[in-house]
Every structure is written in structure tokens, then in C-alpha cells.
1. With r defined as the distance between the Cβ atoms of Asp82 and Asn315 and R0 fixed at 56 Å, what FRET efficiency is calculated, to the nearest 0.05?
2. Could you tell me which of Ile354, Asn39, Gly153 has its Cα farthest along the dipole of the chain towards the positive end, charges placed at Cβ (Lys, Arg +1; Asp, Glu -1), taken about the Cα centre?
3. About its Cα centre, how strong a charge dipole does the range 221-299 have in debye, to the nearest 20, once Lys and Arg get +1 and Asp and Glu get -1 at the Cβ?
4. Compare the Cα positions of His226, Pro174, Thr216 along the charge dipole of the range 124-235 (+1 at Cβ of Lys, Arg; -1 at Cβ of Asp, Glu; about the Cα centre) and return the one farthest towards the positive end.
5. Which angle between 0 and 90 degrees, to the nearest 10, do you get for helix 470-480 versus the longest principal axis of the chain when only C-alpha atoms count?
6. Within the accessible area of the range 44-189, what % is carbon and sulfur when the probe is 1.4 Å and the other protein chains stay in place?
7. Among 493-500, 420-427, how do they line up by average Cβ neighbours within 10 Å per residue, starting with the highest?
8. When ranked by the protection proxy of mean other Cβ atoms within 10 Å per residue, highest first, what sequence do the peptides 168-176, 350-358 form?
Amino acid sequence: MKIENLIKENEIELLSDTKLSDIDIDINEVSFDSRHEGNNSIFFAAYGANSDANEYINKACQNNYKIVVTDKTKDELINKYDVDFNYINDNKICLVKVNEVNEALALTAERLHDFPAKELKFVGVTGTNGKTTTTSLIFECLQAFGKKSGLIGTMEIHYDDEVETSKNTTPDTPSLQKVYRHMLEKGCEYNVMEISSHSLSLKRICDEEFEVGVYTNLTEDHLDYHKTMENYRDAKFILFTKSKKCVLNLDTEYSNFYIDGCLKLNKETMLYGICDDPNSKIEELNKKYNGSKFILASNVNVDITGSEFLVTYYNEGKVEQTTIKVRTPGMFSVYNALSATGTLLSLGFNLEDIKNVLVSLPGITGRFQTFTSPKGFGVAVDYAHTPDGLVNILNTAKSFVKGRIITVFGCGGDRDKLKRPIMGRIVMELSDVAIVTSDNPRTEDPEMIIEDIEVGMKEFNKEYIKISDRYEATKKAIEIAKEGDFVILAGKGHEDYQIIGKEKIHFSDIENVEKLIK
């Protein structure tokens with residue numbers, strides 16, 4: 001595509017001697033990676049959670065990028081980033097300034113791929129926990145209803161029946177546009193996405209419009225990036241400014257913020273939650289949120305085979321009820337099923353059809369995925385890596401386990417350090433045996449991460465086990481488990497790798513459990 005069709009002269013400020021109109025190349029890619037060969041590409045000095053590509057403008061220029069886009073002034077580039085304008089001008093490179101470089105990257109990528117998002121119906125799910133399961137349930141139901149759909153999430157990207165492994169919860173902007181385009185090529189009508197707070201604050205999600213936006217919950221996570229819970233909360237709310245309809249959890253600390261915010265924007269809202277008496281709850285909610293729709297779970301029964309509950313759906317004075325069963329145990333599983341059901345109802349599907357599909361679906365890989373040992377004890381592998389996630393799975397286990405709960409857990413390196421002692425405290429309080437180990441230590445010393453976790457564990461007058469090697473910690477848990485006990489491996493779930501230093505090595509809790517329980 002010609003440059004003038006991607007970047008408009010009136011949208012930029014020229015910082016170099018060379019103008020856009022002086023560059024006569026066809027553009028087939030936009031990039032923020034200075035290591036790539038820049039022929040036929042534009043380099044955007046974009047921001048990531050832990051990166052600032054302005055630092056790599058000199059390298060990008062040396063790698064043959066002829067167009068560079070930034071949102072810094074010339075003085076900032078010279079004084080802070082040591083950008084070599086002599087090299088830029090001598091090599092006829094065009095350097096331009098925009099108001100917001102991440103947004104410019106997103107809009108340019110859209111134009112390059114001919115606005116694929118405008119041809120898809122988007123469903124976005126945001127929250128600290130539950131995104132992967134909720135999006136998977138919605139996707140599977142849409143497919144069962146004969147609606148060709150795409151799925152973008154932490155584990156995988158689906159293009160109808162084609163699957164590839166996902167690298168991020170929400171991919172980078174240029175990759176997203178390619179994904180959208182490929183979904184259309186595969187005949188997809190819907191795109192169901194996990195929406196991370198990073199993707200919203202960094203404008204990876206920029207010009208997309210959502211048929212439905214879903215809020216699952218908000219608990220402490222990613223404060224290494226957002227710094228405060230208020231910033232984290234506000235970042236996630238951006239999704240609902242882009243959504244026609246909003247499906248919102250009633251039962252969280254931040255529910256009122258999201259509900260009130262959506263109602264002020266005159267969004268159509270579906271509120272979901274768990275209660276004892278749905279009729280009195282509907283009466284209470286109608287007084288507070290008149291005009292909203294409600295979907296409520298009651299009579300919840302949880303055991304190791306799954307979760308069963310009565311669903312009451314209220315819509316403009318009409319009440320519909322049915323019983324739903326899903327194959328993953330736990331109150332968190334009930335909430336995930338409710339959010340998926342509310343979304344599908346908002347898209348126009350009926351309750352009985354949704355129920356019939358949900359009961360047929362297997363559990364999600366690495367989400368409270370259970371195994372049974374020949375010795376008579378159970379094991380669950382779960383992705384829980386936040387305080388709230390740990391509370392959910394441990395309370396689920398306590399609701400049906402007759403023996404001891406043995407928990408193996410750790411915390412990721414180079415991530416929010418504030419949650420480490422909190423997670424240690426939770427495991428000590430809700431487990432009979434606690435084994436603290438490594439997760440993905442990344443560039444941190446695993447022993448130092450464990451020391452941070454131990455701050456919370458040492459508040460209890462109770463012994464625990466410390467084994468930094470995760471395989472050996474798992475082996476120990478399974479060796480000491482007896483009939484009736486339940487072992488929980490928390491933190492990695494579906495992941496089949498461990499990041500040590502900057503190296504990603506093969507490591508799977510699921511494979512290790514299957515091997516060790518034999």
C-alpha cells in the first residue's frame with residue numbers, strides 16, 4: 001500500500017529533512033521491532049509494558065527502515081534517546097511525530113489490512129480471573145450454534161477449526177490485524193477475545209467495536225505495571241466504552257464501579273451473580289437497576305464431577321428458569337458459566353440451547369483439571385496465579401475433599417511482588433500442607449522469590465515445605481498424598497514451559513502429574 005494511504009500529511013509533524021512524499025515505496029508491514037529488516041515497512045517507536053521503542057530508533061534506521069514514527073519531540077529524541085539525526089538526514093529517512101504513537105500504530109495497521117475488524121462481530125471478556133474459561137465457553141457455544149467464530153486468548157487462537165498457540169493474552173497490534181483478516185478468510189462471523197488491561201492501556205485494542213463486553217472480576221494483579229488498583233480498574237473499563245452491550249458480575253468489590261459506569265453511558269446491561277432466593281434478588285435489583293436484565297444462579301451443588309445450579313433469567317418482566325451443569329467444579333466455574341450464558345443471551349440465543357451445549361462441553365485444559373491416583377487421592381492442575389484465584393480453587397477443594405489439601409505453588413518472577421506474601425498467607429490458611437516452589441522465575445533468583453512468599457507463610461505457627469525445583473515439589477506432594485487427600489498444583493495450568501532467566505524450557509504440570517500418579 002502507498003504511504004499516503006496509510007499516513008496522512010495533516011496527521012503528522014515532520015522532524016527530518018526528508019518528507020513522506022519523498023519516500024517512494026510500497027508498504028506491506030508495520031512494526032515496532034528494530035531488529036527486523038525495514039524494507040517496505042514502517043517503524044513505530046511504540047510502548048510496551050516494559051519497553052520504549054524510542055530507544056531503538058538508531059538501530060531501526062540502520063536496519064533500513066525509511067519511515068520512523070514517534071510521539072517525542074526532536075529535542076527529547078536527541079537529549080534522552082541520543083537519536084542520530086545526521087544519520088537520519090544523510091540516509092534520507094523520514095522521521096515524523098504523531099500525538100500518540102501506539103494509537104497511530106493501531107490505526108495504520110488497520111488501514112494496511114483494510115479494516116478487517118469492521119467485518120467481524122466482537123465479544124470481549126476482561127477481568128483478573130475467568131477470561132480464558134469464559135471466552136472458551138462462548139466460543140464453543142457459538143460453534144455449536146453453527147456460527148463460525150474466532151477465539152483469541154491466553155492459550156490459543158482459533159480460526160473456526162484451525163488452531164495456533166497464543167503468545168500473549170491479547171497479541172500486539174500488527175498481529176491482531178493479521179489475525180482478524182485470517183478469521184475473515186476462514187469465514188468467521190464472530191471473534192471472541194480475552195482483553196487484558198495492558199492491551200487496553202497500550203491501545204492494542206483501539207478502534208474495535210464490541211457487540212458485548214464482559215466483566216468477570218477484579219483482584220490484585222499487574223500492579224508492577226499499573227501501580228494502583230484504581231489504574232488497573234480504569235484500564236479495564238475502557239472495554240465498556242467500546243461495547244454496545246455489557247455483561248457484568250454483580251458480586252465483586254468493584255461491581256458498582258463497572259455497573260454505574262456502564263449505566264451512565266446508557267449501555268444495555270446484563271447483570272449476573274449468585275443468590276439464595278432469585279425472586280427477592282430480582283425485586284431488589286429492579287429497584288436499584290431498573291431496565292437492566294439479570295441472570296442469577298441459586299441451588300448450587302458442587303462435587304468433583306462439576307457444578308450444577310438453577311439459572312433464573314429476568315428480562316423486561318419475564319422470568320425463565322432452567323438447570324445448568326458444567327464439568328468443572330467450583331463457585332468460580334458457576335460464575336464463568338453465568339458470564340458466558342449472559343453473553344450468549346445478549347447476542348440473541350435462547351437459554352435452553354445454551355444449557356444443552358454447556359452440559360456437553362469438557363473442562364478447559366489447565367483450569368481445575370482433575371486427575372485420580374490409583375492410591376485413591378485426587379490432583380488438580382490450575383492456572384491460579386493471583387490471590388483471588390488461589391482462594392477460589394482452595395475453597396472449591398474444601399467443599400468436597402474429605403482428606404487433606406496439599407498445595408504446591410509459587411509466584412512468577414519480574415512481576416507484581418506485592419501479591420507474593422498475600423499468596424503465601426492464603427495457602428497457609430486454606431491448605432493442610434503447603435509446598436512453596438518456583439513458577440516462572442524469569443530473571444529473578446527463585447530462592448529470593450520464595451523468601452518474599454515466606455513473609456506471609458511465617459505468620460502461621462505451622463510447618464511448610466520449601467522445594468525450589470517445581471518437578472521435585474510436585475513429586476513430594478504426590479509421594480505424601482494418601483487416600484482421600486487432594487493435591488493442587490497452582491500457577492501454571494495449561495503452560496507447557498518454564499521461563500528460567502530468559503530461556504523458555506519445556507515443563508508441564510499436566511505431563512508431570514500424569515507421569516507421577518502412575
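The values are calculated or read from the model by the stated rules, or taken from the named source; none is laboratory data. Quantities reported herein were computed from a predicted structural model and do not represent experimental measurements. Cβ: placed from backbone, ideal geometry, glycine included. Neighbour counts: every protein chain shown. Heavy atoms of the whole protein, side chains included, go into the accessibility calculation; ligands, DNA and RNA do not. Shrake-Rupley method; radii C 1.70, N 1.55, O 1.52, S 1.80 Å.
1. On the way: r = 61 Å, r/R0 = 1.09.
About 0.40, to the nearest 0.05.
2. Ile354
3. Working: 12 positive and 12 negative charges, 104 e Å.
Charge dipole, the range 221-299, about its Cα centre: 500 debye, nearest 20.
4. Pro174
5. Roughly 0 degrees between the two axes.
6. Details: 2400 of 5940 Å².
Carbon plus sulfur share of accessible area: 40 percent.
7. Working: 493-500: 18.1, 420-427: 23.4.
Result, highest mean Cβ count within 10 Å first: 420-427, 493-500.
8. Numbers: 168-176: 20.7, 350-358: 16.3.
Ranking, from highest mean packing down: 168-176, 350-358.
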